[in-house]
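Notes follow the structure.
The values are calculated or read from the model by the stated rules, or taken from the named source; none is laboratory data. Here the structure is a predicted model, which is why all the values come from computation and not from measurement. Using ideal geometry, Cβ is built from the backbone for each residue, glycine included, and neighbour counts are taken over all protein chains shown.
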């Protein structure tokens with residue numbers, strides 16, 4: 001069964017890809033497929049609503065209140081949620097129309113699922129929703145920092161919502177059955193409704209299934225391979241979330257895994273989060289990984305041959321003189337290119353793992369002294385590595 005993940009224009013591409021790659025890590029009959037056009041053409045017709053206070057903002061409304069109108073306001077930008085808070089919103093019908101447009105344009109098979117990931121809110125303030133056909137879904141990708149704190153890796157709650165909605169397709173016969181079957185009072189089960197949206201924290205951190213829902217799964221005779229993949233994804237997300245919080249508290253870094261001929265770099269214990277570096281950045285990073293004692297920037301010319309080999313294996317550039325010129329610029333102590341590249345690498349690492357853990361992975365060192373990657377090399381796993 002295929003689940004097509006769509007990205008609406010306002011959703012950051014990096015977030016979209018991180019969610020996609022997280023879900024794709026778990027093998028099984030459910031295949032998560034990227035939107036062919038990367039981003040869909042999104043109807044810009046939206047309303048603006050205001051949330052006057054925290055209590056109002058954190059309420060998920062009854063499914064039967066979908067047609068309830070909301071007032072219109074002008075939009076202003078804010079760095080975090082402060083009340084009154086204004087946000088763009090669409091109706092469920094508008095969001096599902098985007099799914100249908102993609103289905104029609106790409107001739108998506110009727111039995112495939114289409115899931116729209118969007119920062120735009122929805123008229124009854126749910127984290128996600130399902131169409132009457134039970135084949136189109138949306139998941140709201142914004143505001144997660146309000147519930148989990150602004151250091152949250154938002155891949156986790158977004159991916160969690162995606163798999164929960166797919167799971168509900170197999171557990172319930174129609175949309176009304178979902179509404180009747182979810183727990184209106186939170187009990188720490190994956191099928192909690194969370195009318196108080198802050199209860200999503202409990203649901204995600206326990207990743208538990210109550211006896212009633214477990215019986216429902218068995219009664220619906222869901223194929224074992226599907227059930228196994230569901231629970232592996234849910235447990236994987238829970239484990240990654242708790243590891244991240246615990247690792248920041250205990251200063252316990254994740255393992256680093258380098259895979260394949262492209263030397264892709266992953267934070268194994270953080271849900272397999274990929275550190276996406278361009279070829280020049282990755283060549284520099286691999287060079288420093290190869291030298292745990294560190295490298296003094298003024299002596300970088302001593303590593304020119306090794307750096308050339310690394311960069312040649314990673315770049316799409318085929319002209320040897322272009323590669324040579326790029327490396328010579330990097331190692332030239334009179335140029336500033338290496339400092340620019342190091343700054344970009346360290347910024348990407350901080351964005352990926354947060355400030356508290358970044359010191360283990362960043363290339364750091366005092367001015368005039370050796371720069372190194374602090375991570376214990378026993379924490380590095382290399383699989384099918386092209387360059388050794």
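When you scan region 267-293, how many residues do you find that are touching a helix residue (DSSP H, G or I) at 6+ places or on another chain (Cβ under 8 Å), free of Cβ contacts under 8 Å to residues at least 40 places away in the same chain and part of a loop (DSSP other than H, G, I, E, B)?
2
Please give the helices (runs of 4 or more DSSP H) falling wholly within region 139-240 in which 2 or more residues are over 27 Å from residue 16 (Cα atoms) and in contact with a helix residue (DSSP H, G or I) (Cβ under 8 Å, 6 or more places away or on another chain).
175-181, 211-219
For region 329-337, state whether one or more residues are in contact with a helix residue (DSSP H, G or I) (Cβ under 8 Å, 6 or more places away or on another chain), under 25 Å from residue 382 (Cβ atoms) and modelled with pLDDT of 90 or more.
Yes; the residues of region 329-337 include at least one that is in contact with a helix residue (DSSP H, G or I) (Cβ under 8 Å, 6 or more places away or on another chain), under 25 Å from residue 382 (Cβ atoms) and modelled with pLDDT of 90 or more.
For region 29-58, how many residues are surrounded by 15 or more Cβ atoms within 10 Å (Cβ to Cβ), more than 14 Å from the chain's Cα centre (by Cα) and either modelled with pLDDT of 85 or more or in a helix (DSSP H, G or I) (or both)?
Keep residues of region 29-58 that are surrounded by 15 or more Cβ atoms within 10 Å (Cβ to Cβ), which gives 30, 32-35, 40, 42, 46-51, 57-58.
Retained after the next criterion (residues that are more than 14 Å from the chain's Cα centre (by Cα)): 30, 33, 35, 40, 42, 46-51, 57-58.
Of the ones still in play, those that are also either modelled with pLDDT of 85 or more or in a helix (DSSP H, G or I) (or both) are 30, 33, 35, 47-51, 57.
The qualifying residues number 9.
If you go through region 313-328 one residue at a time, how many are over 21 Å from residue 383 (Cβ atoms), touching a helix residue (DSSP H, G or I) at 6+ places or on another chain (Cβ under 6 Å) and crowded, with 16+ Cβ neighbours inside 10 Å?
Adding up the residues that qualify gives 3.
Checking residue 307 against (1) within 23 Å of residue 266 (Cα to Cα); (2) within 30 Å of the chain's Cα centre (by Cα), which single condition isn't satisfied?
The one condition residue 307 does not meet is (2).
State which residue is surrounded by the most Cβ atoms within 10 Å (Cβ to Cβ) when the search covers only region 101-125 and only residues that are under 19 Å from the mean Cα position of the chain (by Cα) and outside any strand (DSSP E or B).
Only one residue fits best here, namely 120.
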